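Working notes for the structure below.
Read-outs: derived from the displayed coordinates by stated rules, not from any lab. Since the structure is predicted, the reported quantities are computational estimates derived from the model, not experimental observations. Methodologically, a virtual Cβ is constructed for each residue, glycine included, from the backbone with ideal geometry; neighbour enumeration extends over all protein chains shown.
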Amino acid sequence: MPEKKLIDLYPYRIKGSSPEFLLLKRAKGHVYYGQWRMVGGKVKQGETYWQAALRELKEETSLSPVKFWTIPGVNHFYEQKTDMIHSIPAFAAELHADDTPVLDDEHNEFGWFHLDEALKMVIWPEQKRLLTLTNQLLTADQILEDWIVSTD
């Protein structure tokens, strides 16, 4: 079975002095129906992981980032249906504070959540860990230049 290449993307905006994370609720008829999640998806042939993350952001929200960076961590999990262990690169995308997403058919709701609220909404442990890490890096202003992806 060919390897399935996936990405996770954690969109956020800065309101006041703290980040708010954009979460999307999965629509009926789609995998993970009813779950609140970050942006995610598959890498297409010929794409890099970061290119797939930007494409998925655009497809799922119609938004483009102000700043786009790699989170220094990956989402690891085992998928028993395929008997595969996934190591999924994680990215973060800062959006304009007044951006409003236009959702695709995979999602039926969105919301902006501070970390404590987001952690209650998301159910996957690795996603909770990456949300927490992203929040820590943002609030401590510790995003290294090496992590920023130039989208030019």
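Quick notes
- By average C-beta atoms within 10 angstrom, highest first, the peptides 65-72, 25-32: 65-72, 25-32
- Computed magnitude of the charge dipole of region 94-139 (debye, nearest 20; Cβ of K, R +1, Cβ of D, E -1): 400 debye
- Each 10 Å bin from zero holds the following percent of Cα-Cα pairs in region 22-152: 11, 41, 40, 7, 0.
- Cβ-based net charge around Arg26, under 13 Å, with every Lys or Arg adding one and every Asp or Glu removing one: -2
- Around the amide H of Lys67, modelled in the peptide plane, lie the amide H atoms of Glu94, all under 5 Å away and 5 or more residues distant in sequence or on another chain.
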